[in-house]
Amino acid sequence: MRFECYYPTINRNAYHAIAFIETQPNMKIIRNADLTFEPAAHENPLDPGCLKKILMRQGDIPAGRLQMVNWVFLKPQRAFEAHYHQKMTELFIILSGRVAVHVDERNDVLLKGDAIVIPPGAVHTMAALDGQAAHYLAMGIVHGEGGRTVVVSG
């Protein structure tokens with residue numbers, strides 16, 4: 001089912017309509033503390049030299065084209081602008097620091113090693129906590145052509 005949502009654009013007096021499929025996956029948080037290490041597939045399971053934690057399996061990753069992989073530095077006590085992506089799922093993996101994340105109407109705190117999957121159309125922002133900077137990987141998976149990033153006025 002398709003429907004339209006209206007979000008303010010960077011032009012605070014204008015609104016931009018987006019249409020997306022209602023069946024888009026919901027936001028998902030993966031907690032590092034809930035994961036265990038296991039031998040990598042290429043290792044001897046009895047004496048592995050390399051261990052891994054599986055953040056997402058093939059079925060957890062939405063179909064699309066990988067558009068970006070960024071190492072992001074979030075300044076202490078700062079947040080990035082609230083925005084959404086019309087046709088892109090974002091995956092953030094926290095490398096250091098502690099962050100507050102706000103996705104649509106949900107608030108949460110992410111720690112080093114945690115990950116979050118943000119579906120297209122979900123308004124999101126993230127702030128570094130505790131007076132410390134945060135580092136994270138941001139990956140974008142695009143679904144189709146012509147999507148934009150839209151900043152939402154506060």
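No lab work stands behind these numbers, since they all come straight from the coordinates. Being a predicted model, the structure only gives us computed values, none of them experimental. Every residue, glycine as well, gets a Cβ built from its backbone with ideal geometry; the counts of neighbours run over all protein chains shown.
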Worksheet entry | Relative contact order of region 15-154, defined on C-alpha pairs under 8 angstrom at six or more residues apart (%) | 33 percent
Worksheet item: Can you list the aspartates and glutamates whose alpha carbon sits under 16 Å from that of Lys53, skipping same-chain ones fewer than 8 residues off?
Response: Asp34, Glu38, Glu43, Asp114
Discussion item. If you take every residue apart from Leu111 with its C-beta less than 13 Å away from the C-beta of Leu111, what net charge results, scoring Lys and Arg +1 and Asp and Glu -1?
Written reply: -1
Worksheet, complete the sentence: Quick calc, region 49-137, dipole around Cα centre from Cβ unit charges on Lys, Arg (+) and Asp, Glu (-), nearest 20 debye, gives 340 debye
Worksheet, complete the sentence: Looks like region 18-154, by Cα gyration tensor root eigenvalues a ≥ b ≥ c and the a/c under 1.5 rounded cutoff (else prolate when a/b is bigger than b/c, oblate otherwise), is oblate
Worksheet item: In straight Cα distance, which lysines are under 22 Å from Lys75, not counting same-chain residues fewer than 8 positions off?
Response: Lys112
Fill in: Sequence ranges 85-96, 45-56, 104-115, 130-141, ranked by mean other-Cβ count within 10 angstrom, highest first
85-96, 130-141, 104-115, 45-56
